[in-house]
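No value in this document is a laboratory result; all are computed from the given coordinates. This one's a predicted model, so the numbers in the text were calculated from it and none came from an experiment. Here the Cβ positions follow ideal geometry from the backbone for every residue, glycine too, while neighbour counts run over all protein chains shown.
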Amino acid sequence: MNQYIKQYKKSSIETASKEQILIMLYDGAIQFLNKAKIAINNREIENAHNNLIAAQNILQEFIDSMDREVAPQLAENLISLYEYFIRRLIQANIKKQIEPIDEVLKYLKSLKATWEQAIVLAQKEEAQKLTASKRVDFYDTVSTVDYSDDDSDEDDDEDGYA
């Protein structure tokens, strides 16, 4: 791979948000599984094995990095699901079968789409909160400004303009 492309990819990952990395990992797992399917069809056993292992490693990373504090039940459900995916990919690797890969692919694509929607909703909520807080700050500032000009009233009276 071109040195500049490697550097660009490295920089993209280093500057990505947690949400972007999550989606990148889903994309990576999906790509590895698609490559594994092609390798199995072409009877490239080692290539199929390597791609299946790479996808399993991503799934294991999802398990290892799961935050169990925020939503414990959701975390446990996702962990169980990822563990199931890994078992199915082990079966696919042992028997060099496409069917378990297709099953995992279907679910990974669905999960990725769900995460993408959740990220968009969270970003919209954050933007609304930020906009609302700026609006409050503006109105707080405007409401604290003293618009009365007592000195000018006295000047108007003296000049006969009142």
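By counting other Cβ atoms within 10 Å of each Cβ, how are Asp64, Asp102 ranked from fewest to most?
Values: Asp64 9, Asp102 14.
Fewest to most other Cβ atoms nearby, the residues stand as Asp64, Asp102.
When the Cα atoms of region 3-114 are aligned to their principal axes, the ranges along those axes come out at 42, 42, 21 Å in descending order. Once the chain from Ser65 to Ile94 is taken as fully extended at 0.36 nm per residue, the excess over their C-alpha distance is 7.8 nm. This ranking places Leu52, Leu105, Leu25, Leu74 by how few other beta-carbon atoms lie within 10 Å of each, fewest first, which gives Leu74, Leu25, Leu105, Leu52. Among the lysines of region 3-114, pairs at least eight places apart or on separate chains and with Cα atoms under 17 Å apart come to 11.
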